[in-house]
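Written below as structure tokens is the structure these notes are about.
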Amino acid sequence: MATRNTPPRWDRAMQQRLARGEAAALGELYDRFAALVHGLAHRVLDDQSAADRVTREVFTHVWEHPDAYDPRQGPMRTWLAGLTHRLAVRRLRATETAALERGGPGTAEDLERRVRRASVAARADYIVQSMPAPLRSALERACFQRRDYRQTAADLGITEEEARRRLRLGLQLLSTAHDVAAPGAPEDPPGYGGAA
């Protein structure tokens, strides 16, 4: 029986394969997580080519520093999301700071507000994508289709109480998106190991 601190078998095996320099492992990792990485980068940067560059940077970092990921710290998916977020925010800050220095509109405070908003949005996207399917489907019906809990229950073929429970839990998870990017929150959560 696995304990809470035991890393998932796939994550541990992938880290070991990457550490051995298996190019096929990088390909498998890319196939599995490239859409997540690119989507998060695009959400922060709102620029297709910049998101492409961050995606390349993330997988290059993984290839060059396979030991940066520690399976005991959490799932590889979460580590990649954190690495992506950090690199995308770094790129956004550099781009926006350069624009400010050239006399572009805005202030340093405006920049930090944009970075916080982008961080919250990216975190919310990640939370929704990572939710179990039953929670995600209930939340999508309520938020995007403007269905109430009774309609959601009928759509999903579940009780109204179960629909309320799923919506409540989904909203509670989603509410944590703001916590990560709040002023004073650490930029690099523990376990997201150093990108250069």
- prompt: Only one of (1) touching a residue at least 40 places away in the same chain (Cβ under 8 Å); (2) more than 20 Å from residue 124 (Cβ to Cβ); (3) crowded, with 18+ Cβ neighbours inside 10 Å is not met by residue 89, so which one is it?
  reply: (2)
- prompt: Here are some conditions: (1) free of Cβ contacts under 8 Å to residues at least 24 places away in the same chain; (2) loosely packed, with under 13 Cβ neighbours inside 10 Å. Residue 155 meets all but one. Which one does it not meet?
  reply: (2)
- request: Please verify whether the stretch 93-107 includes one or more residues that are of a type outside the set (Gly, Ala, Ser) and in contact (Cβ under 8 Å) with a residue 24 or more places away in the chain.
  value: yes
message: Looking at (1) under 25 Å from residue 111 (Cα atoms); (2) open to solvent by less than 10 Å² (accessible area, probe 1.4 Å), which one does residue 56 not meet, given that it meets all the others?
response: (2)
message: Of all residues being closer than 20 Å to residue 77 by Cβ and not in a helix (DSSP H, G or I) in the stretch 148-185, which is modelled with the lowest pLDDT? Just the residue, please.
response: 181
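The values are calculated or read from the model by the stated rules, or taken from the named source; none is laboratory data. All values reported here derive from a predicted model rather than from experimental measurement. We place every Cβ from the backbone using ideal geometry, glycine too, and count neighbours over all the protein chains shown. The area values use the complete protein model at the heavy-atom level, side chains included, leaving out ligands, DNA and RNA. Shrake-Rupley method; radii C 1.70, N 1.55, O 1.52, S 1.80 Å.
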